[in-house]
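I have placed the structure first, in the form of structure tokens, so that the comments after it can refer back to it.
The values are calculated or read from the model by the stated rules, or taken from the named source; none is laboratory data. Since the model is a prediction, treat every value here as computed from it, not as a measurement. So basically every Cβ, Gly included, is an ideal-geometry build from the backbone, and we count neighbours across all protein chains shown.
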Amino acid sequence: MRGLEAFPRSLALVERDGKVLSGCARSPYYPLVVRSGRGAVVIDADGNDYIDFSAGAASLNTGVCHPRVVEAITDQARSLLCYTIGYMYEEASVELGERLCAVTPGTFPKKVAYGLSGSDAVDGAVKFARAFTGRSEIIAFRTAYHGSSYGALSASAISLNMRRRLGPMVPGFHLFHYPICARCPFGRREDNCDLECLKDIEEAFGLYLPPEEVAAVLFEPIAGDAGLMVPPARYVRALADLCRREGILFVSDEVQQGFGRTGRWFAIEHFAVEPDIVVLGKAIASGMPLSALVMRSEIADALPDPGHIFTLAGGAVSCRAALATLDVIDEENLVETSERLGKVIQDRLKAMKEDLPLLGDCRGLGLTIGQEIVDGDGKPDRDACAKVCFRCWQGGLILTFLGDNVLRIQPPLVITDEEALRGLEILRLALEDYRAGSIGDEALRFARGWS
């Protein structure tokens with residue numbers, strides 16, 4: 001275990017950072033200053049190495065600096081960095097559009113619209129849905145996180161700190177309960193559930209929200225920042241059926257879960273639903289700024305220019321990085337790896353629970369795994385979560401948490417079995433240190449976390 005004396009350059013940079021950068025853009029867990037890396041190994045400013053269980057908040061599915069992606073970026077940069085496709089045309093953006101239309105779910109003709117981040121892509125989904133349907137209202141969900149631009153933030157309901165003193169939000173968003181069965185607000189269990197959370201929407205349709213005025217449902221196929229919650233398949237299919245009956249577009253937000261992370265190319269494929277619009281970001285270009293909407297062609301044609309235009313969106317370097325990303329995921333069988341290795345990790349965590357009762361529920365799909373940390377009464381234990389993550393960092397593992405008590409385990413899809421098991425061993429030792437009371441409160445000084 002490394003003491004704070006092992007991080008002199010990192011701590012110095014953190015101090016400099018605080019003097020010049022707004023704290024609004026970071027929710028830190030520990031003073032990790034990333035310098036370099038390769039694959040599932042990250043090196044900090046002091047030369048310490050780490051197994052990566054974060055993948056840059058699920059944006060580096062191909063790992064840090066995959067050679068194929070680096071080569072594609074370098075080759076493209078020698079000829080053209082970016083020349084706006086807002087006025088002109090460029091080949092890489094067309095090639096990528098063709099590939100994205102081919103790989104995303106849906107047997108219908110599709111088109112693509114580019115952006116720079118998942119947030120602007122969510123905003124774009126709302127624009128296209130309203131333009132196509134001629135309707136104004138959007139259904140989203142409590143505990144959802146869709147981004148920090150005003151439109152995406154208006155669809156989100158996960159953190160008061162993201163909304164305080166920023167109102168009013170964009171009008172037209174209606175927030176309903178996400179189907180989190182473990183804490184059902186209707187007091188149901190799986191064996192007696194009658195999809196009350198869906199009936200809540202249907203009841204609203206009869207009282208105050210005319211369904212003919214609803215343009216789209218914005219849905220996370222896994223509730224990421226709510227704690228990596230996996231909804232029941234029958235709910236997702238019933239929600240999609242409701243949308244079809246009422247002429248409402250079904251939008252799948254795949255920003256965090258797309259590109260093989262869940263053991264499918266896209267998480268919505270676990271539920272046998274074909275969305276009208278798929279929202280892409282994060283891992284699309286292995287760390288380069290890019291987002292995309294892939295949608296039915298008729299929806300894409302409903303918004304006239306310049307309704308969703310960004311000067312640098314669909315830039316040549318980012319598109320070439322995304323094309324290389326698709327190649328790597330395909331040729332290295334990373335979707336299959338995600339499914340297989342995710343099961344290995346979950347099985348190991350469940351086995352660890354026998355000796356470590358502070359491990360609560362473990363859930364997930366592929367290499368999106370949420371592991372709860374609980375106290376002796378089985379209740380969420382945020383301080384324990386923060387201290388365990390801090391000790392993991394000291395021991396050489398990058399691990400973060402969500403909410404009050406969910407360890408967020410989302411390693412790069414290129415992580416090896418050996419690296420994954422070594423990371424789990426570091427986690428086990430951190431849990432034992434916490435149980436022994438040997439992790440000091442200095443962890444809580446750094447670990448603000450995502451709240």
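For residue 179, the conditions (1) surrounded by 22 or more Cβ atoms within 10 Å (Cβ to Cβ); (2) in contact (Cβ under 8 Å) with a residue 24 or more places away in the chain; (3) closer than 25 Å to residue 304 by Cα are fulfilled apart from (3). Looking across region 130-169 at every residue that is of a type outside the set (A, V, I, L, M) and in a helix (DSSP H, G or I), the one that is surrounded by the fewest Cβ atoms within 10 Å (Cβ to Cβ) is identified as 161. Of the residues making up region 125-175, those that are aromatic (Phe, Trp, Tyr), under 24 Å from residue 308 (Cα atoms) and either touching a helix residue (DSSP H, G or I) at 6+ places or on another chain (Cβ under 7 Å) or modelled with pLDDT of 95 or more (or both) are 128, 132, 173. Where strands (runs of 3 or more DSSP E) fall wholly inside region 19-97, the ranges with 3 or more residues that are modelled with pLDDT of 95 or more and surrounded by fewer than 21 Cβ atoms within 10 Å (Cβ to Cβ) are 34-38. The set of residues from region 1-18 being of a type in the set (Gly, Ala, Ser) and surrounded by fewer than 17 Cβ atoms within 10 Å (Cβ to Cβ) comprises 3, 6, 12, 18. In a residue-by-residue description of region 182-197, the property of being outside any loop (DSSP other than H, G, I, E, B), more than 27 Å from the chain's Cα centre (by Cα) and not β-branched (Val, Ile, Thr) applies to at least one position. Restricting attention to region 355-407, and to residues there that are at positive phi and in a loop (DSSP other than H, G, I, E, B), which single residue is surrounded by the most Cβ atoms within 10 Å (Cβ to Cβ)? Step by step, filter region 355-407, then rank; the result is 366. Identify, please: which residue in region 97-120 is in contact with a His (Cβ under 9 Å, 6 or more places away or on another chain) and not aromatic (Phe, Trp, Tyr) and is, among those, farthest from residue 289 (Cα to Cα)? Looking at residues that are in contact with a His (Cβ under 9 Å, 6 or more places away or on another chain) and not aromatic (Phe, Trp, Tyr), I get 113.
Could you identify the single residue in 293, 280, 242 that is within 28 Å of residue 140 (Cβ to Cβ), over 20 Å from the mean Cα position of the chain (by Cα) and at pLDDT 95 or above?
Matching residue, one of 293, 280, 242: 242.
Step by step: first the residues of region 335-354, then only those that are acidic (Asp, Glu) and modelled with pLDDT of 95 or more, then the one that is surrounded by the most Cβ atoms within 10 Å (Cβ to Cβ). Which residue is that? This residue is 339.
Mind checking which residues of region 286-311 are in contact with a Ser or Thr (Cβ under 8 Å, 6 or more places away or on another chain) and surrounded by fewer than 18 Cβ atoms within 10 Å (Cβ to Cβ)? Result: 289, 311. Can you spot a residue in region 107-116 that is exposed (fewer than 15 other Cβ atoms within 10 Å of the Cβ) and aromatic (Phe, Trp, Tyr)? The answer is yes; a qualifying residue exists.
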